[in-house]
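The values are calculated or read from the model by the stated rules, or taken from the named source; none is laboratory data. Nothing here was measured: the structure is a model prediction, and the numbers come from that model. When we count neighbours, we look across all protein chains shown, and the Cβ atoms used for this are built from the backbone with ideal geometry, even at glycine.
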Amino acid sequence: GQNIDQPTEMTATEGAIVQINCTYQTSGFNGLFWYQQHAGEAPTFLSYNVLDGLEEKGRFSSFLSRSKGYSYLLLKELQMKDSASYLCAVREGNYQLIWGAGTKLIIKP
Amino acid sequence: ETGVTQTPRHLVMGMTNKKSLKCEQHLGHNAMYWYKQSAKKPLELMFVYSLEERVENNSVPSRFSPECPNSSHLFLHLHTLQPEDSALYLCASSQDEGAGANVLTFGAGSRLTVL
């Protein structure tokens, strides 16, 4: 079956580093997305990986291993504004995205 | 206005009402989507339109009826809904080709409560 797993909730300290994992089992794979969603707001695009390896974008990095069905989002130098839900999604076809339920990240001072 | 705009932001309706959700995008994208977001559950794709043609229809009950009159506007018509349809309905748009293809830009959502 199709499944995407990510932790329900994580807590980290301001200024620290946190890694949010995502594992997937899907019938097809055309790339993996990470989105950020603040409470009451729209999800916003963070990163896209289609090849294995690490993509770095400022304080955020995303890693993909297709053979392991695994990705992670790495957030460095955490700020209070990083408190949000982080959604992992796998693109199967042209328009079909399979989504995880999201990881709620809580940042403490 | 920029981005993706959804109206209304909040809607309360009875099970016998008929209402519509509206979505408008000002990004020049050629694909538009309706998603349902329920608490602690993954986003559920409901409908996708590309160049005003419906390209995905994910086993959605007929009480939800989409309409895409042009590439900038998308509607979701609602009738005889059930309480379990209460959720956040998100509209999104994307470009089919080129840099950023299929990266979704979401609206802020319409929070629907069915009594």
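Results, tabulated for the structure shown:
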{"read-out": "Counted residues, region A:48-89 - those being aliphatic (A, V, I, L, M), closer than 17 Å to residue A:37 by Cβ and in contact with a Leu (Cβ under 8 Å, 6 or more places away or on another chain)", "value": "5"}
{"read-out": "Filter result for the condition that a residue is surrounded by 12 or more Cβ atoms within 10 Å (Cβ to Cβ), away from chain B (no Cβ under 14 Å) and either in contact with a Lys or Arg (Cβ under 7 Å, 6 or more places away or on another chain) or not in a strand (DSSP E or B) (or both), over A:16, A:42", "value": "A:16"}
{"read-out": "Residue that is modelled with the lowest pLDDT, among those in region B:84-115 that are assigned to a loop (DSSP other than H, G, I, E, B) and at the interface with chain A (Cβ under 9 Å from one of its Cβ atoms)", "value": "B:100"}
{"read-out": "Tabulated pairs, region B:24-43, first more than 9 Å from chain A (Cβ to nearest Cβ) and closer than 23 Å to residue A:5 by Cα, second part of a strand (DSSP E or B) and of a type in the set (Asp, Glu), C-beta under 9 angstrom, 6+ apart or interchain", "value": "B:36/B:44; B:38/B:44"}
{"read-out": "Candidates B:74, B:51 - the one that is farther than 30 Å from residue A:9 by Cα and modelled with pLDDT under 90", "value": "B:51"}
{"read-out": "Residues located in region B:56-84, provided they are within 21 Å of residue B:38 (Cα to Cα) and in contact (Cβ under 8 Å) with a residue 40 or more places away in the chain", "value": "B:74, B:75, B:76, B:77, B:78, B:79, B:80, B:81, B:82, B:83"}
{"read-out": "Options B:74, B:81: the member that is of a type outside the set (Val, Ile, Thr), surrounded by 21 or more Cβ atoms within 10 Å (Cβ to Cβ) and outside any strand (DSSP E or B)", "value": "B:81"}
{"read-out": "The listed residue being closer than 19 Å to residue B:4 by Cα and over 12 Å from the mean Cα position of the chain (by Cα), out of B:50, B:62, B:86", "value": "B:50"}
{"read-out": "Flag for residue B:92 being under 23 Å from residue B:17 (Cα atoms) and out of contact with any His (no Cβ under 8 Å at 6 or more places or on another chain)", "value": "no"}
{"read-out": "Failed item, numbered, when residue A:47 is tested on (1) under 10 Å from the mean Cα position of the chain (by Cα); (2) surrounded by fewer than 18 Cβ atoms within 10 Å (Cβ to Cβ)", "value": "(2)"}
{"read-out": "Single condition residue A:74 does not satisfy, out of (1) loosely packed, with under 15 Cβ neighbours inside 10 Å; (2) farther than 17 Å from residue A:98 by Cβ; (3) more than 14 Å from chain B (Cβ to nearest Cβ); (4) not acidic (Asp, Glu)", "value": "(1)"}
{"read-out": "Residue in region A:1-24 that is closer than 22 Å to residue B:102 by Cα and at pLDDT below 95 present", "value": "yes"}
